[in-house]
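The values are calculated or read from the model by the stated rules, or taken from the named source; none is laboratory data. Please read these numbers as outputs of a predicted model, since none were measured by experiment. Virtual Cβ from ideal backbone geometry, glycine too; neighbours counted across all protein chains shown. Ligands, DNA and RNA are stripped out before the accessible areas are found, and what is left, the full protein with its side chains, is counted by its heavy atoms. Shrake-Rupley method; radii C 1.70, N 1.55, O 1.52, S 1.80 Å.
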Amino acid sequence: MFRGKKYKDSVKLIDKSKLYDADEAMKLVTQTSKAKFDETVEAHIKLGVDSRHADQQVRGAIVLPHGTGKSVRVLVFAKGAKADEAKEAGADFVGEAELVQKIQGENWFDFDVVVATPDMMGVVGRLGKVLGPKGLMPSPKAGTVTMDVAKAVKEIKAGKIEYRLDKTNIIHCPIGKASFGDAKLLENFNALMGAVIKAKPSAAKGQYLRSVVVASTMGPGIKINQAKLG
């Protein structure tokens, strides 16, 4: 795989054999972010659980102290007064069955998060096959199936992120933009790690945090000493 000069320069700043403290890692991730655009910084957290078992699922949501730096488009399935509340809170799209038809018929996906009131889940359920694989299906655990749609929309717009395991038992989550600087990135990272550690399933055995890596969009991965995280 071809790697550009900037990437090769960034790699020289990192000792691949070393596990960095979180504050050191955030300084390095901002130093190694050299693209012409404002790179997103992501955390990749490998857990000692088996996501195939329901009692070992790790999933939830948290509002990052400094947000993600990304403007998020929110679609809300609601009707009546709840639809009005969602619009007032800043939802980008609000509707009922007509939005289901738009998604199914036009392959429309101009949104990043889906929120629904519980009474709309019968309608939204029809979209399970298309929303599920994209990680867009609303869920009570993530706080996206709720009667308090106004609160949900405001939190998402303020930087609420959902974390969940992929098939390889890894959580991939944005923790901000490189332009945030290391201090804000560290606060966001600590908030995410606190939530993930708190969400440890009682069925999980052995070492819970297997590995933690942070990287900017175009930068190399930086390994963090997970033993110091909790």
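Across the accessible surface of the range 136-191, with the other protein chains kept in place and a 1.4 Å probe, carbon and sulfur atoms take up 56 percent. All other residues whose Cβ lies under 13 angstrom from that of residue 72 are scored, Lys and Arg at +1 and Asp and Glu at -1, for a net of 0.
In this simple spin-label approximation, residue 200 and residue 16 carry label points 7 Å from Cα along the Cα→Cβ vector, and these lie 3.1 nm apart.
Of 171, 89, 159, which is farthest on the positive side of the dipole of the range 78-230, counting Cα position, with +1 on Lys and Arg Cβ, -1 on Asp and Glu Cβ, and the Cα centre as origin? About the Cα centre, the residue reaching furthest to the positive side is 171. Across the range 29-46, computed HN-Hα scalar couplings (Karplus, 6.51 cos²θ - 1.76 cosθ + 1.60, θ = phi - 60°) run 5, 6, 5, 8, 8, 10, 5, 7, 10, 7, 6, 7, 9, 10, 9, 10, 10, 8 Hz from first to last residue, x flagging Gly and Pro. Does anyone have the angle between helix 97-106 and the longest principal axis of the chain? Alpha-carbon axes, 0 to 90°, nearest 10? Roughly 60 degrees between the two axes. Between the beta carbons of residue 170 and residue 98, assuming R0 = 25 Å, the FRET efficiency works out to 0.10 to the nearest 0.05. Within the assembled protein chains, the solvent-accessible surface assigned to residue 208 is about 20 Å², based on a 1.4 Å probe.
Taken per residue, the accessible surface of the range 85-230 reaches 49 Å², heavy atoms only and a 1.4 Å probe. Rounded to whole numbers, the Karplus 3J(HN,Hα) couplings from phi for the range 166-176 are 8, 5, 9, 6, 10, 9, 10, 9, x, 10, x Hz, using 6.51 cos²θ - 1.76 cosθ + 1.60 with θ = phi - 60°, and x at Gly and Pro.
GNM remark for the chain: springs join alpha carbons under 10 Å apart, and the peak mean-square fluctuation among 62, 14, 161 falls on 14. Rounded, prolate or oblate: which fits the range 1-144, taking a ≥ b ≥ c as square roots of the Cα gyration tensor eigenvalues, rounded meaning a/c under 1.5, else prolate when a/b beats b/c? Prolate, since a/c reaches 1.5 and a/b exceeds b/c. Taking 59, 73, 126 as the candidate residues, the one with maximal mean-square fluctuation in a Gaussian network model of the chain, Cα springs under 10 Å, is 126. Taking amide H atoms as placed 1.01 Å from N in the peptide plane, the amide H of residue 176 lies under 5 Å from those of 41, each 5 or more residues away in sequence or on another chain. The length gained by stretching the chain between residue 129 and residue 106 to full extension, at 0.36 nm per residue less their Cα-Cα distance, is 6.8 nm. Between 186, 165, 13, the GNM of the chain built on Cα springs shorter than 10 angstrom shows 13 fluctuating the most. Measuring nothing but how far apart in sequence close Cα pairs (under 8 Å, 6+ apart) lie, relative to its length, the chain scores a relative contact order of 40 percent. Using 0.36 nm per residue and subtracting the Cα-Cα separation, the extra length available between residue 154 and residue 139 on full extension is 3.7 nm.
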